[in-house]
1. Can you tell me the orientation of helix A:174-188 relative to chain A, as the angle in degrees between its alpha-carbon axis and the longest Cα principal axis, to the nearest 10?
2. Students often check this: by mean Cβ neighbours within 10 Å, which of B:378-387, B:271-280, B:328-337, A:151-160 ranks highest, and how do the rest follow?
3. I'd like the FRET efficiency for residue A:369 and residue A:220, computed as 1/(1 + (r/R0)^6) with the beta carbon distance as r and R0 of 41 Å, rounded to 0.05.
4. Relative to the other copies, what are the label-point distances for residue B:370, with labels 7 Å from Cα along the C-beta vector, expressed in nm at one decimal and sorted shortest first?
5. Counting just the Cα atoms, what span does region B:220-334 cover along each of its three principal axes? Round to the nearest Å and put the largest first.
6. What nm value, rounded to one decimal, do you get for the distance between residue A:156 and residue B:191 when each label is placed 7 Å out toward the C-beta?
7. Among A:39, A:166, which comes first, then next, by fewest other beta-carbon atoms within 10 Å?
8. At a temperature of 10 °C and a viscosity of 1.306 mPa s, determine how fast region B:1-82 diffuses translationally according to Stokes-Einstein, using the Kirkwood radius over alpha-carbon pairs as Rh; express D in µm²/s, rounded to the nearest whole number.
């Protein structure tokens with residue numbers, strides 16, 4: 001079959017705040033081929049991502065993503081990889097291309113799975129979908145008291161693992177952060193797994209990050225996530241050499257090489273990949289295999305919808321040893337509206353990539369319509385983009 | 001003073017081809033502050049770059065570039081760095097941000113230089129603007145004969161150094177490339193400096209790149225540029241270990257860390273930075289200093305206008321040992337129209353960053369108007385961008 005159409009939808013909450021909550025808007029992608037529909041999602045700014053799909057060509061190495069996708073053959077996983085290779089060469093100077101392509105790639109896998117009546121993880125070569133312990137992914141409260149309450153609520157909701165991130169961490173003294181870490185531990189209880197995410201706040205400042213280590217040890221943090229900027233491999237390596245807590249990172253990776261470098265140069269012990277940024281499910285699977293070969297734990301990065309969550313689980317679905325997964329525990333109303341039936345935990349509280357064909361989720365297009373943002377892009381008298389019918 | 005306005009202009013040739021000629025369109029930036037005007041240029045796809053400046057916020061770590069720029073203080077270089085730091089944190093999830101910001105940053109330096117009546121290179125701390133040997137930057141012809149003719153023409157035009165890039169190299173057999181390299185050498189003559197650029201064509205394939213080494217040695221290539229993808233540090237290092245010809249690369253760097261990694265992990269001997277991509281002149285100066293400390297030769301990447309050329313020369317203007325510079329020898333009519341008085345060679349054929357304030361070039365706005373592409377972006381009923389008056 002051929003890829004007949006690719007439609008982007010810009011969805012957003014009525015009000016978007018400066019909280020580090022990536023579920024406040026969404027760049028939803030719908031692809032059509034062979035009478036079937038596939039869905040994907042870019043974990044990216046919607047407008048620049050749409051622009052990177054529809055923009056006019058700048059030159060041979062700066063072509064729009066759409067040029068490699070529309071009309072391309074789609075009969076199997078090799079065709080998806082071929083499109084990705086073409087984008088790597090023909091759109092090498094279009095920085096946003098990886099984020100744009102990620103959502104399209106995801107939708108192509110969804111469509112391929114539906115065509116073959118197989119879940120995507122099986123198309124990737126996984127024999128089965130292994131259970132993962134879901135951790136509630138939450139933001140720190142503005143105060144330790146607020147964090148403590150969020151921890152208690154997550155525990156009461158049944159989560160045996162909880163991650164707190166961002167908020168005021170790193171913006172004040174190390175002692176203030178220590179109070180937050182202690183509150184997080186108190187909130188989730190002594191036996192829960194607790195992860196801490198500082199959202200790149202220390203940039204490349206190893207000493208500032210290291211000043212947080214004693215409190216992380218005291219709170220028995222399972223990992224210390226994103227202390228530094230995504231490319232700061234030297235800082236990661238320097239901190240890893242002196243940290244009793246394993247470092248985690250990788251959500252910023254927009255290609256396989258960045259993830260590989262964070263493992264090999266940065267010495268992280270947990271590599272966290274967002275399929276909505278790294279170029280989709282194929283590159284994420286490649287990273288899962290690289291991680292396994294290195295004894296690094298692959299973890300999905302997922303903070304938004306259950307469409308993105310399902311996509312994020314596919315790459316390591318069959319890797320039993322990678323047994324923990326991120327779960328968006330407080331998503332926006334928009335994110336909650338995305339699919340008709342959310343992924344559910346089993347009786348033991350574990351999560352699996354779905355058994356249903358494709359990504360195994362059904363889009364709730366009617367529920368999404370109220371969040372649709374009308375957009376239009378005109379260049380040189382031509383309309384390159386106008387919000388399609390959802 | 002405060003940054004009062006930032007205007008983007010999308011300029012393009014009437015016809016844009018798939019040639020690897022980045023001068024076929026331009027994303028021009030005009031900033032206004034304190035009654036002065038500064039100009040810059042993103043070496044990037046215009047539409048996605050504009051979108052990344054004006055798009056609505058997605059969340060606290062995915063804000064538009066404009067949010068950090070408009071209204072910000074601009075009294076000196078430290079203010080430019082402060083805006084850059086804010087973008088690194090607040091736009092970390094907006095991939096295109098670095099390309100967008102690069103043109104704005106350049107314009108801010110131009111404006112600061114005009115305000116202080118100093119060339120930008122002096123604001124960067126350089127004591128003087130050293131002469132650089134300009135190399136004509138050309139694309140390979142489709143045939144060795146065409147390449148030979150281009151080489152002869154460049155030599156006849158007075159260039160003592162010539163670079164050939166892209167074209168058919170790497171798309172066929174190594175023997176075909178060897179014919180091209182030999183033709184290039186024959187065209188430029190025995191005594192000219194000759195550089196070869198393969199435009200990432202070998203991706204991460206070290207053996208394929210290595211197969212070109214004997215012909216590069218035979219043609220006495222001064223460097224072997226961009227054999228691999230921008231992030232393929234391992235491939236660079238593996239080839240560097242067996243190549244008698246020094247490797248060059250770096251134009252894809254969209255932050256300082258990428259350039260540093262290409263030197264430290266990738267072992268390049270020439271680091272080539274595009275101020276229109278790496279985040280502007282400030283980060284490029286930081287890379288020039290890192291290169292000097294490592295004994296790596298800094299080279300500007302510049303294939304388009306004399307506005308971009310001047311900006312690309314500022315970061316290493318005072319580094320006498322970095323004595324070669326790229327010069328766009330066959331730019332488009334659009335690129336030629338950009339400034340009123342192009343940078344000129346001295347009697348010895350050498351090029352210098354201008355002594356005039358700011359970037360030292362005067363925009364030819366009237367000559368540019370025929371290339372202006374009208375564009376409009378509307379989101380949620382609001383016009384976020386419409387081509388301003390030039």
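1. Relative to chain A, helix A:174-188 is tipped by roughly 80 degrees.
2. The packing order, highest mean first, is B:271-280, B:328-337, A:151-160, B:378-387.
3. Using R0 = 41 Å, I get an efficiency of 0.35.
4. Counterpart label points of residue B:370 in the remaining copies fall at 5.5 nm.
5. Over region B:220-334, Cα extents along the principal axes are 40, 27, 26 Å.
6. Those two pseudo-labels are separated by 8.6 nm.
7. In order of increasing Cβ crowding within 10 Å: A:166, A:39.
8. Reported coefficient: 111 µm²/s.
Values in this text are rule-based calculations from the coordinates and carry no lab data. Remember, predicted model here, so these are calculated numbers, not experimental data. Positions of Cβ are generated from backbone atoms using ideal geometry, with glycine treated the same way; all protein chains shown enter the neighbour counts.
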